[in-house]
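Below: the structure, in structure tokens.
The values are calculated or read from the model by the stated rules, or taken from the named source; none is laboratory data. In this text, all values refer to a predicted model and were calculated from it rather than measured experimentally. Virtual Cβ from ideal backbone geometry, glycine too; neighbours counted across all protein chains shown.
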Amino acid sequence: MKTNPCSGICNLFRSLPDIIIGIDRKRRILFANEKAEALYGPPEDRPCYQYLFGLEEVCHFCPLEEALEKGPVRLEINLNEGYFDVWLYPADYQGQKIAVCVLRDISRLKEMEAQLRRAQKMEAVARLAGGIAHNFNNLLMAAMGQIEMALSELPSGKVSQRLEKVLDRLGQGVELTSKLLTLGQGQVLEPRPGDLNQGLRRTLDLIQSLLGEDIILKAELTNDLPAVLYDPTALEQIILNLVINAQDAMPEGGQLTIRTFQDGSEVILEVSDTGSGIPPELQERIFEPFFTTKEENKGTGLGLSMVYSLIKALKGDIEVQSQPHKGTTFRLRFPVRVEHSRPRMRPRVLIAEDDELIREILREALVRQGLEVDTAADGQEALERLRHSRADYRILIFDLVMPKISGLRLIEEALVRFPQATIVAMSGYNHGADLSRLGDRVHFLQKPFRLEEILSLICPRPTSSVKEASQGLSGQ
């Protein structure tokens with residue numbers, strides 16, 4: 001049977017973007033529009049199931065009889081070619097009742113729906129991970145604070161040594177929650193003054209295990225470097241990304257050198273390899289997101305982009321020097337930390353924290369420093385104190401996640417009412433708060449933190465440890 005020329009009703013369908021064919025009761029094709037013929041050719045004498053799907057038998061899902069007897073039918077089918085949305089409409093054509101079959105390829109739509117479901121699933125996992133990490137960080141904070149306070153009251157001996165070991169173990173829990181927060185998109189940078197070499201040494205063993213036996217690792221770390229501001233987790237991410245790039249550039253082996261030294265008011269970190277190098281025309285683009293010279297499925301193009309973002313967030317800079325077949329050197333510059341002397345004063349402190357144990361640990365630690373401390377159990381109570389108390393608060397410590405009113409709202413109020421105050425925001429996770437826009441007066445501490453860390457921010461005089469501070473007070 002030859003297909004009739006498209007006329008009458010089928011002229012309506014000729015140029016439509018969907019696949020449209022007319023089918024009689026014997027599943028013979030009476031007409032096909034341009035889209036159908038462009039994909040499958042002229043129908044000739046092929047039945048619809050052979051023409052569309054290459055089958056030798058009637059489709060098991062075929063609703064032709066239902067459409068002819070009861071009216072329009074819609075279904076989705078999944079074939080090797082992809083997903084199709086299929087409509088069958090009854091119609092009169094040249095004196096007989098037929099079905100007009102409309103097929104729309106929805107494979108791309110299905111793929112996008114699957115991607116959306118995966119994204120929603122990952123968002124749910126991220127929220128769950130962030131929530132778990134937040135609660136776990138509060139538990140760690142309370143436990144670490146109690147141990148630190150106990151250590152400050154105990155003489156040196158076996159008990160204090162055991163407590164120090166417990167504190168070290170809890171520190172491993174901090175690293176675990178840090179990974180959960182990364183999954184939950186809640187981690188923020190916590191730059192602290194410190195020895196860059198100390199952070200690097202923590203990563204060297206991991207680097208050696210990554211490189212294998214074909215690549216020699218050489219570390220040239222200059223001793224007694226001045227302190228710089230850096231975040232240990234961010235530094236690890238920076239180094240690992242640079243090391244992975246170096247490893248990919250040396251498939252047959254070579255040498256990787258990590259070097260630190262001081263250059264004027266900066267501490268320099270260099271990561272050098274003896275690999276294939278980077279062509280000059282590509283060096284300006286290597287820090288662009290998604291730019292990669294690696295083979296497909298072997299790189300995302302995000303590694304160096306992340307390195308660039310992290311070093312900029314730490315107020316540093318990065319340069320690259322490379323020659324084809326002669327290797328590459330990435331040079332990272334960290335500004336030296338300038339210490340400012342603190343005036344001796346007796347400031348008043350307000351702590352807003354809904355976890356009672358953490359609130360009391362912080363209060364006791366600060367009272368031992370000779371500070372006058374007020375506390376609030378939720379955001380509303382803290383806001384009332386900010387608005388109506390006659391106290392001249394110079395130090396404000398707010399948990400970001402509290403009942404009734406958030407810590408971020410308190411910070412915005414405090415910036416106006418107490419322009420001279422130092423503000424410390426703390427949280428088990430970032431909770432999406434963009435604190436960087438609030439200026440240098442606002443410091444962020446990721447829970448759990450050591451009491452020494454918060455004392456270093458707000459203590460009116462340098463204190464090397466909680467224990468020394470306690471002993472100093474007891475001697476006054």
- For the stretch 216-252, how many residues are free of Cβ contacts under 8 Å to residues at least 40 places away in the same chain and over 17 Å from ASP205 (Cβ atoms)? 5
- Evaluation of ARG28 against (1) touching a Cys at 6+ places or on another chain (Cβ under 7 Å); (2) modelled with pLDDT of 90 or more (one fails), failing number: (1)
- Message: Looking at GLU319, GLU364, GLU413 in this structure, which one is closer than 30 Å to MET250 by Cα and either part of a loop (DSSP other than H, G, I, E, B) or modelled with pLDDT of 85 or more (or both)?
- Response: GLU319
- Note on the structure: Note on THR203: of the conditions (1) among the polar types (S, T, N, Q); (2) modelled with pLDDT of 85 or more; (3) under 30 Å from PHE449 (Cα atoms), unmet is (2)
- Test GLY41 against the stated conditions and say whether it is out of contact with any strand residue (DSSP E or B) (no Cβ under 8 Å at 6 or more places or on another chain) and either modelled with pLDDT under 90 or in the same structural domain as TYR93 (by TED's automatic domain parsing) (or both). yes
- Message: Out of GLU270, GLU266, GLU236, I need the residue that is modelled with pLDDT under 90 and either surrounded by fewer than 19 Cβ atoms within 10 Å (Cβ to Cβ) or aliphatic (A, V, I, L, M) (or both). Which one?
- Response: GLU236
- If you go through PRO324, PRO335, the only one that is loosely packed, with under 14 Cβ neighbours inside 10 Å and modelled with pLDDT of 85 or more is PRO324
- So is GLY145 within 22 Å of PRO47 (Cβ to Cβ) and modelled with pLDDT of 80 or more or not? no
- Of (1) modelled with pLDDT of 85 or more; (2) part of a helix (DSSP H, G or I), GLN471 satisfies every one except (1)
- Query: If you check GLN172 against the conditions, is it modelled with pLDDT of 85 or more and either part of a helix (DSSP H, G or I) or assigned by TED's automatic domain parsing to the domain that holds GLY428 (or both)?
  - Reply: no
